[in-house]
Every structure is written in structure tokens, then in C-alpha cells.
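The next block holds one structure in the form of C-alpha cells; read it before the comments.
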Amino acid sequence: MPSLDFSFFTWTNIGNYLLSGLYFSVSLTIAATIGGIALGTMIALMRLSGIKPLEYVATLYVDLMRSVPLVMVILWFFLLVPSSFYDLFPGGIGNKYRAEICALITFIVFEAAFFSEIVRAGIQSLARGQTAAGYALGMTYAQNMRYIVLPQALRNMLPVFLTQTIVLFQDTSLVYAIGAYDILKGFEIMGNTFGRRIESYLLAAVFYLVVCFSLSTLVKRLNKKIRIVR
């Protein structure tokens, strides 16, 4: 077994190779979470609307996305979306950052299927009397969801939202398939540059372990506090 040498892992190299990748990974996670929750909420409301066509479309969407590996969806969007779509972005941004834009769209579309199930479960966890009370006051379906159901369900959904966000952060490493510069890509380039690929991948594994374990611990503590409030 070759001897390990981590002397290349300096603050200078961290700044040169890793910070931009970390910025993209975190930005992608935040943007995809916000977009995924927004789109997922719409899909969940479609499934709970009682309107058969909307239920069918939403169910088909969720089943399709949850049945296909994320890396395949990333490749589909990257290879099948015509270049003319990226020409629509001003200043040539679309072609310059094609991989990053593709990754963002893919993650929002893909994660929306999972967030929609979280939202649907959160809404169904409430007593039916809450919804009935809203209708008794003359509220519409949209008003009932906005003012009564969703605010209460959000507290139940928050720990699961955060857990799914951690999984999403881990999945950002899959953007290597289309050449986007994420944190894992930064570790890879740094390892190739200094001829220390094994050490670099070990450091990447430690990084993901520390970040995800720390966030998971915070989510567990938050979940305990929410249970006490209940």
C-alpha cells in the first residue's frame, strides 16, 4: 500500500481548488431545495385536489421521477435539451454555464417528486376536522390550504425537509457526470494536480461525513424539540 501524504492539503490549495466547488454545491442545494419545495407543494396539492386529471398527472410525475436514478435524469437533461434553450439566457450565460444550469433544473425537477410526498404526508397527518372547519367558514380549497392546513403541517414536515436537504447535498456530487465544478470535482482536480488522488478522495469522504453527520445531528435535536412542543 502506498504511503499517504497530505502535505498538499494547505489553505492556499483549499482556496484555489475547493472553495468555488463548495460554493456551487451549497448554492445548488439551497436553490434546489427552495425550488423543489415550491414545485413539490404544487404537485402535492394536485394529488390531494380531488380532481382526477390533476391527480393522475401528479401521481405519474412522482412515480416516474422516483423510479429513475438521479444521474440518469441529469444526463437526460444535459444531452437531450437542445442548445437553443441555453441561447435564451442573456450574455451567453447559458452556454458558458450549461452544466450548472442543467444541474439546477434537474435537481429542482427531480427533488420536487420527493418533497411532494413529504408535503402530502404532512397535510394528511392533520386531523380532518381542521379542513372541515375551514370549509365551514366558507373558505375555498386554496384558502384552506394557505391559512389553515399548510402552516400547521409545516411544523410536522420541517425535520423531514431538512433530512431530504442533506440527501440532496450528498447527491450534488453526481453533477461530475456533466462536468459541473462542485466540491467533489475540486477534490478530484486537486488530487490530479499534485498526484495524490487517493488522499484527495479520502479527504472528500471525510468532508461529506463530517458535514452530513453534523447536519443530521442538528435535525435530530430539532425533531426532539418539535415533539416536546406537540
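FYI, it's all coordinate maths here, none of it is from the lab. Note that the structure is a prediction, hence the values are computed from the model and not measured. Cβ coordinates were reconstructed from backbone atoms using ideal geometry, including for glycine residues, and neighbour counts include every protein chain displayed.
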First select every other residue whose beta carbon is under 14 angstrom from the beta carbon of Ala31; then total the charges, Lys and Arg +1, Asp and Glu -1.
-4
Relative contact order as a percentage, the chain, C-alpha pairs under 8 Å and 6+ apart, gives 30 percent
Where nothing but the Cβ of Lys and Arg (+1) and of Asp and Glu (-1) is charged, how large is the charge dipole of the chain around its Cα centre, in debye to the nearest 20?
1000 debye
Consider the candidate values (i) 0.93; (ii) 1.06; (iii) 0.98; state which one is Rg/Rh (Cα atoms, Kirkwood Rh) computed from the structure displayed.
(ii)
Check: the stretch 79-144 dipole with +1 on Lys, Arg Cβ and -1 on Asp, Glu Cβ, in debye
120 debye
Given just the C-alpha atoms of the stretch 39-84, how large is their convex hull per residue in cubic angstrom?
92 Å³
Using the charge dipole of the chain (Lys, Arg: +1 at Cβ; Asp, Glu: -1 at Cβ; taken about the Cα centre), state which of Met157, Ala127, Gly40 has its Cα farthest towards the positive end.
Ala127
Per the charge dipole of the stretch 164-230 (beta-carbon charges, Lys/Arg positive, Asp/Glu negative, Cα centre), the residue among Ser216, Leu203, Gly191 reaching farthest to the positive end is Ser216
Two decimals is fine: what is log10 I(q)/I(0) at q = 0.16, 0.28 Å⁻¹ for the stretch 54-124, from a Debye sum with one equal scatterer on every Cα and no solvent?
-0.65, -1.20
Suppose the chain between Leu126 and Tyr23 were pulled fully straight at 0.36 nm per residue; how much longer would it get relative to their current alpha carbon spacing?
33.3 nm
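In debye, nearest 20: dipole of the stretch 127-230 around its Cα centre with unit charges on the Cβ of K, R (+) and D, E (-)?
Details: 12 positive and 4 negative charges, 137 e Å.
The calculated dipole for the stretch 127-230 is roughly 660 debye.
In nm, what is the difference between 0.36 nm times the number of residues separating Ser3 and Leu202 and their Cα-Cα distance?
Extending this stretch completely gives an extra 70.3 nm.
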Theoretical ellipticity at 222 nm over the chain - DSSP helices of four or more residues, -39500 (n - 2.57) apiece, nearest 500:
-24000 deg cm²/dmol
Descending principal axes extents, the stretch 83-206, alpha-carbon based, whole Å:
69, 39, 16
Efficiency by 1/(1 + (r/R0)^6): what FRET value for Phe194 and Ile34, r their Cβ-Cβ distance, R0 = 25 Å, to the nearest 0.05?
0.10
Would you be so kind as to identify which of Leu19, Leu168, Val73 lies farthest towards the positive end of the dipole of the chain, taking Lys and Arg as +1 and Asp and Glu as -1 on Cβ and the Cα centre as origin?
Leu168
